[in-house]
Structure formats: structure tokens, C-alpha cells
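Student: Supplied in C-alpha cells, the structure appears directly below.
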Amino acid sequence: MMNGILVINKEQGFTSRDVINILNKKLETKKIGHTGTLDPIATGVLVVCVGRYTKLVDQITSYDKEYVATIELGKRTDTLDRTGHILEESEPANVDNSVLIHTLHSFLGKSLQEVPAYSAIKIHGKKLYDYARNNESVDLPKREIEIKEIELLKNEKGLITFRAVVSKGTYIRSLIRDICQSLNVLGTMSSLERTRQGNFKINRAVTLNDIDNKNYPLLNLETVFDYPIYSLSEEDYFKVVNGHKLNIKEKASYLLLKYQNQVVALSKKEEGYYKTVFRDF
């Protein structure tokens, strides 16, 4: 069975689930999971875990994400992006750069963000987009998010492009909605690219065509994680095999464990001991 991590550069028009279904067939395995949904309108980094590496999905999903997004001024839609029904329209506003930069910076830090009505979040066992499509009223939940970095890239001809580094669970569509409300302008998301998730960058990503052509690197523990490497003795290796904690005098929160010139496990420090959280064998 194939085991490792793929960094896919998702194209527009595909859901994240579409990509997984395609990879199921191309790689001839059902044991595949992605680490953070991208809407069909969005492109860019979709980290995919294959085989036993699916055990790392939750950890990688928690990593910060970097996006480049563009706001189209002059319209507001129900989905908060250009694919939705237009609810309100006007001439695109002229937004001064200094005002725009000040507004963007006001979103830095932690806050509560209202999730979009068109999202897969479940309320009473039903997805929010099902309520929205049926014109059913429901209170939209709020989640704590963090905007760690945000900068203006371009502001011209009714289009605003910015870069943002955000925590898990942040909806860029909702961020754009809130930015436009603060500016008192109409606007909706016209494009979105995820350029990074954790250490996984767009320049390391491959396309589905690359998968067809067998032109892709399958990443393993040593190439994925930039943690210190600790070489195991034979005794310690068998402790890892049997699920025992290791008493290692190291300060790092995580260690990659190497045995006989091969990285075989990822270990996390807990209460003074290192507990194996993933074994690559």
C-alpha cells in the first residue's frame, strides 16, 4: 500500500471531496484524507494524507494557513463569493489605501467570526447550506479565530487583493464580508488561493495531471516535519514498537525517531516523557 503525503494544487471547479475521489482511483486506494476543505472557487494547497499517514490528518489540519484573496467591490452575494446570487449591487467604491490598510490591520488577533450561511457546519444534524437552500432561518454560529498576518497587495479597478495568515477554522469569505462592512462598501470574494498550510507551500504542490504522469513526490516524516531527529538504540526501538513512552533528555516538543538510518516515528513530549504519536511502519 502507498503511504505518505501529497501536496495537491487544487484547480477551480473541484470540491476537496472531488479531489479525494479522483485520487482514490488514480492511486488505487480508499485510505486517503485531506486536511482542510477548499471551496470549488478556491485553488491552491490541499494537503492529502495517504495510507497510514491518514493518522496525521488532525494534526496537519490544525496548522496555520496562508491565503491570497481578491474582493470584487460593488456587489454582495448570498454565498459571500462571486458564485452566489447577487443580493445588492452598486458602483464599485473607491477605497483609499491608507483607510484600507488600517481596516485590514484592525482584524489582526483573535476574534469571534460568524460562519457563512453556505457552509458545511452542522446545526441540529443538518448542514447550514441545506437551511440556506431551503430558505430556512437558523442562527449562524460563531467561532474563535485568529488573523496572524494580513497585508494589502493591490487595490485598483474595483478589486482589492490581500494576503492573510489565519488559524484553523477561519472562513476567508466571512473575513471579506466583515472587512467590507467595516469599510461600509459592497464586496464579495472573487478569487481565493491557499498558498501555504504549515510548511506545505504552493511551490511544492503537484497537479492531478502530475499524478497521471507519475510525476509527484510522496512525502514522508523526514521531509514533512522540521523537528529534531533522535537516533534510537535497539532497546528504545522495541519500546516504540510496543507503544511504551521514552525517557529521553531532550527539550523539543516533538522528536523524529530514527532507527538504522530511517525515520520511523513521530514522538511528542508529555509530562517529561516522549510518547509516539505516529509510526511509519
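The values are calculated or read from the model by the stated rules, or taken from the named source; none is laboratory data. Everything quoted here is computed from the prediction, not taken from an experiment. Methodologically, a virtual Cβ is constructed for each residue, glycine included, from the backbone with ideal geometry; neighbour enumeration extends over all protein chains shown.
Student: Would you check if residue 70 is hydroxyl-bearing (Ser, Thr, Tyr), under 22 Å from residue 155 (Cα atoms) and assigned by TED's automatic domain parsing to the domain that holds residue 108?
Tutor: yes
Student: Starting from residues that are without any contact (Cβ under 8 Å) to a residue 60 or more places away in the chain, acidic (Asp, Glu) and closer than 20 Å to residue 64 by Cα, keep the ones in the range 114-147 and report whichever is surrounded by the fewest Cβ atoms within 10 Å (Cβ to Cβ).
Tutor: Filtering first and then ranking leaves 144.
Student: If we scan the range 50-71, do we find a residue that is farther than 30 Å from residue 253 by Cβ, basic (Lys, Arg) and in contact with a strand residue (DSSP E or B) (Cβ under 8 Å, 6 or more places away or on another chain)?
Tutor: Checked the range 50-71: no residue is farther than 30 Å from residue 253 by Cβ, basic (Lys, Arg) and in contact with a strand residue (DSSP E or B) (Cβ under 8 Å, 6 or more places away or on another chain).
Student: On the basis of being among the β-branched types (Val, Ile, Thr), in contact (Cβ under 8 Å) with a residue 40 or more places away in the chain, on the phi < 0 side of the Ramachandran plot and surrounded by fewer than 16 Cβ atoms within 10 Å (Cβ to Cβ), does residue 61 make the cut?
Tutor: No: the conditions fail for residue 61.
Student: How many residues, within the range 24-41, are crowded, with 20+ Cβ neighbours inside 10 Å and more than 14 Å from residue 120 (Cβ to Cβ)?
Tutor: Going through the range 24-41 one residue at a time, the tally reaches 2.
Student: Next question, about the same structure. Considering only residues of the range 228-251 that are within 31 Å of the chain's Cα centre (by Cα) and modelled with pLDDT under 95, which is surrounded by the most Cβ atoms within 10 Å (Cβ to Cβ)?
Tutor: 250
Student: Here's another thing I want to ask about it. Report every pair of residues separated by at least 6 positions or lying on different chains whose Cβ atoms are under 7 Å apart, first residue within the range 148-159 and within 12 Å of residue 96 (Cα to Cα), second at pLDDT 95 or above and of a type in the set (Asp, Glu).
Tutor: 158/72
Student: Please go through the range 149-200 and pick out each residue that is small (Gly, Ala, Ser), assigned to a loop (DSSP other than H, G, I, E, B) and under 17 Å from the mean Cα position of the chain (by Cα).
Tutor: 167, 169, 198
Student: Moving on to the next point. How many residues does the range 91-144 hold that are on the phi > 0 side of the Ramachandran plot and out of contact with any Asp or Glu (no Cβ under 7 Å at 6 or more places or on another chain)?
Tutor: Selection size over the range 91-144: 3.
Student: Does residue 204 count as surrounded by 18 or more Cβ atoms within 10 Å (Cβ to Cβ) and of a type in the set (D, E, K, R)?
Tutor: Against the criterion (surrounded by 18 or more Cβ atoms within 10 Å (Cβ to Cβ) and of a type in the set (D, E, K, R)), residue 204 does not qualify.
Student: What number of residues in the range 212-227 are surrounded by 14 or more Cβ atoms within 10 Å (Cβ to Cβ) and either more than 26 Å from residue 61 (Cα to Cα) or not aromatic (Phe, Trp, Tyr) (or both)?
Tutor: Of the residues in that region, 7 qualify.
Student: Right, residue 118: assigned to a helix (DSSP H, G or I), aromatic (Phe, Trp, Tyr) and within 27 Å of residue 47 (Cβ to Cβ) or not?
Tutor: No, not satisfied.
Student: Within the range 168-224, track down each residue that is at pLDDT 95 or above, in contact with a Pro (Cβ under 8 Å, 6 or more places away or on another chain) and farther than 22 Å from residue 89 by Cβ.
Tutor: 171, 206
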